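The structure under discussion appears below in the form of structure tokens.
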Amino acid sequence: MVTAADLDNAAVLRNSEEAEGYLAKICFKTGPPVRTGVELEWTVHDAVDPTRPVGAERLRLALGPYAPTTLDPAATARPLPHGGTVSVEPGGQLEISSAPQRGLDALHETTDADIGHLTALLAAAGLVLGTTGIDPHRPPRSAVETPRYRAMRTAFDRDGPDGRTMMFSTAGLQVCLDAGEPGQVVERWCAVHELGPPLLAAFATARRHAGRDTGWASARMRAWQRIDPTRTRAVWPPATGGRDPVAAWIRYALDAPLLCVRRPDGNWSAPPAVTFRDWIGGALPGPPTADDLRYHLSTLFPPVRPRGYLEVRYLDAQPPGEWLAPVAVLAALLGDPVTLGLAREASAPVADRWTVAARHGLADPALAAAANTLFDLAARALDRTDLAPATQKEISHILERRLAAAERGNP
């Protein structure tokens, strides 16, 4: 999968046209859609008292050689035995980023092995991984301080408490999919957006936060939706219409305000409302580089983000042993043109219902109907994946259980 490192990151961006050209080269890498990756995030809790704060030092000691440099600048940050890398979020959430695999079976095997290794490390330190998309026990609390995290907190605090909830309490599941051949990119880009609200609703796990029922199926997504919409709203469809995802992403990226500006003194706070386009135009001392633009992209958090591949960001963390279900659903639905066309048709009536999905989940009848159709299509398409029959059956049972729980009024 392409990264900004493929280009000259030290190049100074002297005008918007150079920035647009840079973005056009890195946002969508085309080719056969064969690889899938996953990023799994969890809150972390004391095994005896889940309401007890878990600090950075305890995490560092638990992770040992796998600790990231955000916990210890001198850390080796060794990959997990099956290739996954560990990162830590500002609230102490842990994340495993898998290496992309050419088949779901390999992704399942290697990722489960790395989860098992991480779980054992934490257990030895009296820690356990959370099981939902938001911390059900503790209020938002900072655990890790870096210049980036301090700048983010400063920026989000201007608009209220939701930024801290997002930073310190939420845990998501991200699915990374190839963008596809040139003739497939638009359809796949549109599809992963259109499928978003019913899949968000179907896999919502984040109702309880800080010891109370929030009344939202996904309080995680509620927090994301309530922070700066210029960096969290969906990129597609673009407000100006059209069917060019590259142009839509370029506008989105350049017109989003800066969240942080890297400086040697460690103060990365950005002035309010200054966009990257403004920076190119001289709003800050010194022009930005391509590397500054690459870093700016990492501070944009739409439900789907193009990173050469498609990074699907709208799913909550899943209960133990169930992370593969939403990954397999997405892969199966995008696996052939007929299934994809039927999935888009089923999702079209609810494709813009992001807030309804976060609030009501499958209690919303229209979202439940769309999810039912998507699950049926996915279950029938699983045999076209390389997953073992027993794994396919297990996924189908998870999907059936989600729908049955919604029918009982307990999604």
- Message: If I stretch the segment between residue 105 and residue 233 completely, what's the gain in nm (0.36 nm per residue apart, minus their alpha carbon distance), one decimal?
- Response: 42.8 nm
- Task: Starting at the first residue of the stretch 77-89, write each ³J(HN,Hα) from the Karplus equation 6.51 cos²θ - 1.76 cosθ + 1.60 with θ = phi - 60°, in whole Hz, x for Gly and Pro.
- Result: 6, 5, x, 5, x, 10, x, x, 10, 9, 10, 10, 8
- Suppose R0 equals 41 Å; then what is the FRET efficiency for residue 348 and residue 298 from their Cβ-Cβ distance, rounded to the nearest 0.05? 0.85
- Message: Give me the one-decimal Kirkwood hydrodynamic radius in Å for the stretch 48-112, with the sum taken over alpha-carbon pairs.
- Response: 13.0 Å
- Note on the structure: The answer for trypsin sites (Lys or Arg not before Pro) in the stretch 307-411 that fall in a DSSP coil and have at most 14 neighbouring Cβ atoms within 10 Å is 408
- Note on the structure: Kirkwood-based Rg/Rh on the Cα set of the stretch 4-407 evaluates to 0.95
- Query: Once phi is turned into ³J(HN,Hα) by the Karplus curve 6.51 cos²θ - 1.76 cosθ + 1.60 with θ = phi - 60°, what whole-Hz value does each residue of the stretch 275-284 show in order, with x for glycine and proline?
  - Reply: 8, 5, 4, 5, 4, 4, x, x, 5, 10
- Tally Lys and Arg at +1 and Asp and Glu at -1 over the other residues with C-beta under 15 Å from the C-beta of residue 182: what net charge comes out? 0
- Item | Rounded to 5, percent antiparallel among DSSP beta bridges of the chain | 95 percent
- Ranking 300, 61, 122 by Cβ neighbours within 10 Å, fewest first, what do you get? 61, 300, 122
- Message: At 0.36 nm per residue, and after removing the present C-alpha to C-alpha distance, how many nm does the segment from residue 14 to residue 336 gain when stretched out fully?
- Response: 111.6 nm
- How large is Rg/Rh for the stretch 13-121, to two decimals, with Cα atoms and a Kirkwood Rh? 1.10
- Could you give the DSSP H helices of the chain that reach 18 angstrom or more along their long axis (alpha carbon positions) and whose average Kyte-Doolittle hydropathy is no lower than -1.0? 104-124, 365-381, 389-407
- Message: Counting other C-beta atoms within 10 Å, and keeping those with at most 13, which DSSP coil trypsin sites (Lys or Arg not before Pro) do you find in the stretch 137-221?
- Response: 158
- For the stretch 85-138 and the stretch 324-346, what is the separation of their C-alpha centers, rounded to whole Å? 25 Å
- Counting Lys and Arg as +1 and Asp and Glu as -1, what is the net charge of the other residues whose Cβ lies under 11 Å from the Cβ of residue 207? +3
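Just so you know, all these numbers are worked out from the coordinates, no wet-lab data involved. As the structure is a prediction and not an experimental result, all values here were calculated from the model. Cβ atoms come from the backbone with ideal geometry, glycine included; neighbour counts cover every protein chain shown.
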